[in-house]
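Working notes, structure below.
The values are calculated or read from the model by the stated rules, or taken from the named source; none is laboratory data. Given the structure is predicted, the values throughout are model-derived calculations rather than measurements. Here Cβ is always computed from backbone atoms with ideal geometry, including for glycine, and neighbour counts include all displayed protein chains.
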Amino acid sequence: MRKFTFLILLFIFSCAPKQEDVSKSQWQYLYDLGMSSYIAKNYSEAIANFFRASQLAPNEPKVWNALGLAYMEVQEYQKSENAFLRALQVDKTYTEAKLNLGVLYYRQKDYERAIRVLREVIEDEAFPQKHMAFYSLAKVYQAMDRREDYLANLRRAVAYNPMFLDAQFELAQFYEEEGDYRTARDVYQRLISNGIVNPSIYLSIAKAEYKLGNYTSAKDYIRRVIEDRQVSGQLKSQAYELLSLVLIAEQNLQNAPRFQERPHPQSAQQAQPLQQQVPVGAPEANRDTQTKSKITEPTQQTGRFYRIQVGAFSSANSAKAWKDRLERELNLKDVVVVESAGVFKVLYGKFESREETIKELERLRALNLYGFIVYE
């Protein structure tokens with residue numbers, strides 16, 4: 001009898017750890033299912049799985065944190081706050097839940113509480129996602145229109161994690177809005193120096209170089225985008241549009257008046273501002289010029305027509321190969337290669353009206369061929 005009792009006790013104690021393992025595997029399984037649903041944006045299913053996991057493992061802070069995130073996405077803000085607070089009640093050192101609590105207050109536009117909580121997160125030296133706390137704090141200050149504090153925290157987010165792309169791009173965009181294209185360009189170039197290379201960054205640098213008047217550099221970055229076969233049609237179309245602006249700017253620069261008007265003898269002082277705009281070393285104006293009205297922009301030349309630029313390359317061979325492919329595969333006529341400022345442009349068609357050109361451009365886009373209109 002004693003032997004039988006001993007065996008029963010042995011059986012019970014040997015089963016206890018297995019029951020605990022089963023319980024753990026159950027809540028972990030539900031938690032994993034919830035994360036999969038959360039990533040797939042199926043928040044209803046995610047909440048159900050996280051809630052069931054929280055009932056099996058009420059002392060697991062990551063379960064409550066995940067439940068809070070799911071509730072926040074469906075704007076169940078009170079339930080979300082309760083879940084984050086429960087995670088911190090279970091484990092006061094679970095700073096990730098505190099970070100998410102700060103983000104929740106930001107979404108609720110409770111900015112003062114958001115600032116207080118996010119500053120507490122930043123003070124936790126053991127928290128490995130401090131760059132996210134600085135970035136979240138920057139967003140709070142941005143919403144409050146405190147631009148200096150916004151910029152300062154955005155810079156700190158980048159300093160703590162130079163690979164944090166969202167903050168890097170936002171920082172560059174801030175400088176662009178301020179008209180500081182040089183600093184914006186430097187931000188993008190630091191990303192490239194850190195091995196982060198993609199067509200979007202190249203196009204962003206090209207825009208900054210264009211704004212700075214560095215047209216050769218802008219064309220070089222645009223070329224990298226255009227010649228990348230993995231680039232989406234939309235991004236490539238943006239690159240072509242920017243290239244058009246660059247080429248127009250270059251053309252305007254080349255066609256700018258390179259002469260100095262002889263001032264009217266009675267208004268020499270009034271003519272001085274115009275003289276200051278003339279390039280150094282420019283030849284004197286024709287002495288028959290008498291008044292400012294004689295200086296006019298070049299008139300439109302007769303016999304001009306609209307074309308569609310469907311490519312731009314740094315080498316003549318690449319442009320010729322693209323021209324041949326368009327003629328062979330799409331049966332396009334009147335395709336020519338024109339060299340301008342070191343860029344070999346592939347132009348298609350001769351259209352008398354812009355409306356006719358737009359109609360043809362839409363037809364080409366239906367064939368996944370993107371371009372833009374030029375006036376030749």
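Things to note:
- Enumeration of residues in the stretch 36-72 that are farther than 12 Å from Ala87 by Cα and among the charged types (D, E, K, R): Lys41, Glu45, Arg52
- Matching residues, the stretch 123-136, being in contact (Cβ under 8 Å) with a residue 24 or more places away in the chain and not polar (S, T, N, Q): Asp124, Ala126, Phe127, Lys130, His131, Met132, Ala133, Phe134, Tyr135
- Meets criteria (modelled with pLDDT under 90, outside the structural domain of Phe344 (by TED's automatic domain parsing) and among the hydrophobic types (A, V, I, L, M, F, W, C)) for Ile248: yes
- Answer residue from the stretch 228-254, given it is part of a helix (DSSP H, G or I) and of a type in the set (Asp, Glu) and is surrounded by the most Cβ atoms within 10 Å (Cβ to Cβ) among those: Glu250
- Residue identified as at pLDDT 90 or above, outside the structural domain of Ser315 (by TED's automatic domain parsing) and surrounded by fewer than 17 Cβ atoms within 10 Å (Cβ to Cβ) among Arg182, Arg258, Arg156, Arg190: Arg182
- Selection status of Arg113, of a type in the set (Lys, Arg), over 23 Å from Gly195 (Cβ atoms) and either touching a Lys or Arg at 6+ places or on another chain (Cβ under 8 Å) or in a helix (DSSP H, G or I) (or both): yes
- Considering Asp324, Asp334, the condition of being surrounded by fewer than 14 Cβ atoms within 10 Å (Cβ to Cβ), over 31 Å from the mean Cα position of the chain (by Cα) and at positive phi is satisfied by Asp334 alone.
- Residues that are assigned to a helix (DSSP H, G or I) and under 25 Å from Gln254 (Cβ atoms) within the stretch 324-376 comprise Arg354, Thr357, listed in sequence order.
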